[in-house]
Amino acid sequence: MTKRRVIGIGETVLDILFKEDQPQKAVPGGSTFNSIVSLGRAGVPCAMVTEAGGDHIGDIICQYLQDNGVSSDYVCRHERVKSHISLAFLNENNDAQYIFYKDHASVSLDGELPTITKDDVVLFGSFFAINPAIRPVVGGLLRSAREAGAWLYYDVNFRKNHIADLQDVLANVEENMRLADVVRGSVEDFLYLYNLTNADAIQEHVSRFCNTLILTDGADPIRVYTPDGCKTFPVYPVETVSTVGAGDNFNAGYIYAMMQGCDSLAARVEMAQYWSQDVCRQMGNNISDAVVAAIKGGCDGAHLRHT
């Protein structure tokens, strides 16, 4: 499948990572943002549709995109709005508990939007993709992408703190799944959305909207449901420094492999896991310089995982 660029639609934050309650690193982030930056670092033409404040943090976010090969032409800046901040507190297993400082009601997308064509990939997800405040714009852009014949990847990423909003956003979640070529979600996502934890029951529900589901469940095997059935893939053990960005880079690695012409599902999941685990080995949200160099040197996921 030949695609020329990836367009990300999602929120941006400044992630401040803590270990033992002490700040360790501050880096621009956001679920789709993390994916797009890693793809840009790997040499994939990318653009990010998002919003940011007119403050210094907004400047950092835009510069970070540009420094990593991602177009910031569609970052909607709001001069009187503060950019969002996320505090990520890493526990003894280096998993993160988050505190977000942002006002979803203040989010707006009133800037320039890309013209999406059949040659594009669209990656979208999290609350940004279902937020009622911007749904008219985001939903319209996604529908236009579907009509144009673009390839859409939806990362559900529904967090527990949004359960109170579920009644207002569930229809948007389900429209997103209907528009997508691939839905990626965790068992935890579907617990919060539908009170489902059984993988086959989740797939049966999602299949009403999309026939390809990538279902993750922590250290348990990855299940990929397609019209040809279900395939499972083991999760490779990794010694983590931080799990922030792990799922985001799984998405990015999967898309990268697809854009490189990998028709094999196993090869796509292999690359997805490699990107994800590389991020887990560092205090950051994106693939490392070493991985970028290896990828640009032509290494495949299977080789990279063992180096």
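Things worth noting here:
- Remark: pairs (first residue in region 64-81, touching a residue at least 12 places away in the same chain (Cβ under 8 Å); second residue polar (S, T, N, Q) and crowded, with 16+ Cβ neighbours inside 10 Å; Cβ separation under 8 Å; 6+ apart in sequence or on different chains) = 65/71; 65/72; 68/286; 74/50; 75/12; 75/50; 76/50.
- From the list 196, 191, the lone residue that is over 27 Å from residue 141 (Cβ atoms), out of contact with any Gly (no Cβ under 9 Å at 6 or more places or on another chain) and buried (at least 18 other Cβ atoms within 10 Å of the Cβ) is 196.
- Subset of region 110-124 (residues that are part of a loop (DSSP other than H, G, I, E, B) and buried (at least 21 other Cβ atoms within 10 Å of the Cβ)): 116
- Boolean, residue 86 is in a loop (DSSP other than H, G, I, E, B) and either hydroxyl-bearing (Ser, Thr, Tyr) or farther than 18 Å from residue 246 by Cβ (or both): no
- Residue that is surrounded by the fewest Cβ atoms within 10 Å (Cβ to Cβ), among those in region 156-178 that are touching a Lys or Arg at 6+ places or on another chain (Cβ under 9 Å) and over 23 Å from residue 249 (Cβ atoms): 178
- Among the candidates 241, 291, 269, residue that is part of a helix (DSSP H, G or I), under 25 Å from residue 96 (Cα atoms) and either in contact with a Lys or Arg (Cβ under 6 Å, 6 or more places away or on another chain) or modelled with pLDDT under 95 (or both): 291
- Near pairs, Cβ below 7 angstrom, 6+ apart or cross-chain, from region 285-298 (without any contact (Cβ under 8 Å) to a residue 60 or more places away in the chain and of a type in the set (Gly, Ala, Ser)) to any residue that is crowded, with 22+ Cβ neighbours inside 10 Å and not in a loop (DSSP other than H, G, I, E, B): 288/278
- Of all the criteria given as (1) within 20 Å of residue 295 (Cβ to Cβ); (2) of a type outside the set (Lys, Arg); (3) surrounded by fewer than 16 Cβ atoms within 10 Å (Cβ to Cβ), the one not satisfied by residue 37 is (3).
- Enumeration of residues in region 272-286 that are modelled with pLDDT under 95 and among the hydrophobic types (A, V, I, L, M, F, W, C): 279, 280, 283
- Filtered residue count, region 125-155, keeping only those that are surrounded by fewer than 18 Cβ atoms within 10 Å (Cβ to Cβ) and either in contact (Cβ under 8 Å) with a residue 40 or more places away in the chain or part of a strand (DSSP E or B) (or both): 1
- Set 53, 43: member being in contact with a Lys or Arg (Cβ under 7 Å, 6 or more places away or on another chain), touching a residue at least 24 places away in the same chain (Cβ under 8 Å) and buried (at least 19 other Cβ atoms within 10 Å of the Cβ): 53
The values are calculated or read from the model by the stated rules, or taken from the named source; none is laboratory data. Note that the coordinates shown come from a computational prediction; the quantities given were computed from them, not determined experimentally. For neighbour counting, all protein chains shown are included, and Cβ atoms are generated from backbone atoms with ideal geometry for every residue, glycine included.
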